[in-house]
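Below: one structure, written as structure tokens.
The values are calculated or read from the model by the stated rules, or taken from the named source; none is laboratory data. Fair warning: this is a prediction, and the values are worked out from it, not measured in the lab. Heads up, the Cβs are rebuilt from the backbone with ideal geometry, glycines too, and the neighbour counts pull from every protein chain shown.
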Amino acid sequence: MNLKAKIEAIIYAAEDPVGIDQIAAILKEELGEQELSAAKERVRSAVEELIADSASDQRGIEVRKIGGGYRMSTKPEHHDAVRAFAKSLKPPIRLSLPALETLAVIAYKQPITGPEIAEIRGVDTSGVLATLMDRKLITTSGRKAVVGRPILYKTTKEFLLRFGLSDLNEMPSVEEFEKLAGESLRQQGLFAEVAIADATGVPDVEPEPQTPGNSQTEAAAEPESENSQNGVSAELNESANELQGLKPDTLL
């Protein structure tokens, strides 16, 4: 890979404008043993070539100098197309903690009935199931051949898309998911048992005794808080996306 290509990749990946000095420091091995001023000049020359290349009418992205550094951005003449595309994107999923717990149980135990989910979670789940159905994250899968013939539930293709999975074989093992989900919760100071732990019968976090002034315990005592729910939802969704490529030892 040549120097210009590496610099292009760095500018593309950077969230903030990246300067000549920073690029030169990152690519010091590529630049070899030469004086710092000469190394910076090579970087500056490569960046100028990138700017010239992106100026073509055939390119929708340009390299711009902003705030003393360089970054990539869409060209102003294409902003209408980009804006229309952004509006077409699906909004991020926001699920409450009970909904996430129920979804986790279904994902690892599917196909599973409503009464079986309620038995695992210890609470009625009819309202949560309706929410997950509305979000198209779960669907029905026939009826179980037992007394009452309860409806079976399973995850959908939308579930795979939202969690970055190509198929159910890419789901992590229960233990792996439980560990990562527990770490995410602990980082926020939320000590609660998620459904992954319920599904295995092993709590991932031992609850702390409630004492006055214990902010972490107070956070755990109010799982229905909108901010807490959204935070947990974001963390668990992020954990699930980070687990791509991992395969479970045994799918339940």
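Counting just the residues of region 61-116 that are exposed (fewer than 14 other Cβ atoms within 10 Å of the Cβ) and of a type in the set (Lys, Arg), which one comes out modelled with the lowest pLDDT? The qualifying residue modelled with the lowest pLDDT is Lys90.
Filtering region 1-49 to residues that are assigned to a loop (DSSP other than H, G, I, E, B), of a type in the set (Asp, Glu) and under 27 Å from Glu77 (Cα atoms) leaves Glu15, Asp16. Inspect all residues belonging to region 119-130 and state whether any of them is modelled with pLDDT of 85 or more and under 30 Å from Gly60 (Cβ atoms). No, because not a single residue in region 119-130 is modelled with pLDDT of 85 or more and under 30 Å from Gly60 (Cβ atoms).
At least 2 residues being in the same structural domain as Pro172 (by TED's automatic domain parsing) and not small (Gly, Ala, Ser) is the threshold, and among the strands (runs of 3 or more DSSP E) wholly inside region 50-162 those reaching it are 138-143, 151-155.
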